[in-house]
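The next block holds one structure in the form of structure tokens; read it before the comments.
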């Protein structure tokens, strides 16, 4: 496939184990958004979606920089108008002229790795290949170029692992353990030329992990084939929250029960059992007869806040309270994502953290 834009030269990844993917709760410089513009992603609901992004940006701007991918200055002007109207702290907002096909920056944006030398943190960008979740959608060429464009703009080291990988398909504890799902990484629509062992080797080499934990299937309505960020997330180095469905007649019951049973037998990088905390599922969110992939696990951990999707469900408050217990120094804030999830994703799917560099306290 021909690139739409020039790609900067690669640097050789020689000392790969000196880099690692940090946990999401480690210090951020900022968080990336790709501003929504594709109306077909949210049929009959697009007009409500920019306001959800405004709310995300507003809370993040009180925590760290908000870096927004837009197509051009005209689009930036329109977004700035929306942010100003909502009294967003524009001093913490940066616009970047990176045209996209869609808004799912978790999957098409850069995945960062860091290394610490004598108290100084450096970062690099991993430019995994992206094919719109196994070519679920035809147009993704601009999205696939986002990591290289950002690396070029920041003049940062960029490594190309030569494998399709979306950010929503993995979660790490920053200490050597990675969570993922068989339904995504072993799906022949991603990397049919790689075996499970080869995929594990690639993850270990480029993400600096030593221990890979495999869950099974995802939830109903997830067009990614089952991203782990809708299922199970690290909240500390040895604690995960995982969504559960107690109703045996619910379509998600069997897959979530299987994943919960797998977690019971899993160990972290040191051989210790995981501390597992159940997170409820919201009441089913259905639009036009379609069950949507609504999940409280699709939260974002930022420097001073944790943003949790809510769905006008009786379980919203319980999910927020569970997460608040793990983040006593952060405000856990619910954002109504009933409209956003009509596009088959939520808060974590439309954000991507950028680690802080330099001397860390």
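Computed from the coordinates by the stated procedures, all read-outs in this text should not be read as laboratory data. Computed from a predicted model, the values in this text were never measured in an experiment. Note that we place each Cβ from the backbone using ideal geometry, even for glycine, and neighbour counts take in every protein chain shown.
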**Request:** Grab the beta carbon distance between residue 220 and residue 198, set R0 = 35 Å, and tell me the FRET efficiency rounded to 0.05.
**Result:** 0.70
**Complete:** So, relative contact order of segment 33-174 in percent, Cα under 8 Å, 6 or more apart, is 22 percent
**Request:** Considering only DSSP beta bridges where both residues belong to segment 156-312, give the percentage that are antiparallel (nearest 5).
**Result:** 50 percent
**Complete:** So the FRET efficiency between residue 97 and residue 254, C-beta based with R0 = 56 Å and rounded to 0.05, is 0.75
**Item:** Three-way shape call for segment 312-356 based on the alpha-carbon gyration tensor, with the a/c threshold at 1.5
**Value:** oblate
**Request:** Within segment 286-311, find all residues whose amide N lies under 16 Å from a label point positioned 7 Å from the Cα of residue 51 along Cα-to-beta-carbon.
**Result:** 310-311
**Paramagnetic reach from residue 325 in segment 212-243 [backbone N under 20 Å; point 7 Å along Cα→Cβ]** = 231-243
**Message:** Given points 7 Å out from each Cα along the Cα-Cβ axis, report the residue 272 to residue 80 separation in nanometres with one decimal.
**Reply:** 4.9 nm
**Prompt:** Kirkwood hydrodynamic radius for segment 226-292: how many Å is it when counted over pairs of different Cα atoms?
**Reply:** 13.1 Å
**Fill in**
Quick note, segment 190-334: a/c under 1.5 would make it rounded; otherwise a/b > b/c is prolate and the rest oblate (a ≥ b ≥ c, C-alpha gyration tensor); here it is oblate
**Prompt:** More than 17 Å apart: what percent of Cα pairs in segment 177-231 qualify?
**Reply:** 37 percent
**Message:** Using a 7 Å offset from the Cα along the Cα-to-Cβ direction at both residue 205 and residue 38, what is the distance between the two label points in nm, to one decimal?
**Reply:** 3.0 nm
**Item:** Anisotropy class of segment 115-242 from Cα gyration tensor, a/c 1.5 cut
**Value:** oblate
**Request:** In nm, give the distance between the simple-model label positions of residue 265 and residue 315, each being 7 Å from the Cα along the Cα-to-Cβ direction.
**Result:** 2.5 nm
**Prompt:** For the pair residue 287 and residue 122, what calculated FRET efficiency results from E = 1/(1 + (r/R0)^6), where r is the Cβ-Cβ distance and R0 = 45 Å, to the nearest 0.05?
**Reply:** 0.50
**Request:** Determine the relative contact order of segment 224-361: mean sequence separation of Cα pairs under 8 Å and six or more apart, normalised by residue count, in whole percent.
**Result:** 21 percent
**the chain, relative contact order [Cα under 8 Å, separation at least 6], %** = 22 percent
**Prompt:** Between segment 258-326 and segment 172-250, what's the alpha-carbon centroid distance in Å?
**Reply:** 14 Å
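Give me the Å³ per residue figure for the convex hull around the C-alpha atoms of segment 19-359.
131 Å³
With both bridge residues required to lie in the chain, what share of the DSSP beta bridges run antiparallel, to the nearest 5%? If you can, show how the numbers build up before the last one.
Values: 25 of 55 bridges.
Taking every DSSP beta bridge within the chain, about 45 percent pair in antiparallel fashion.
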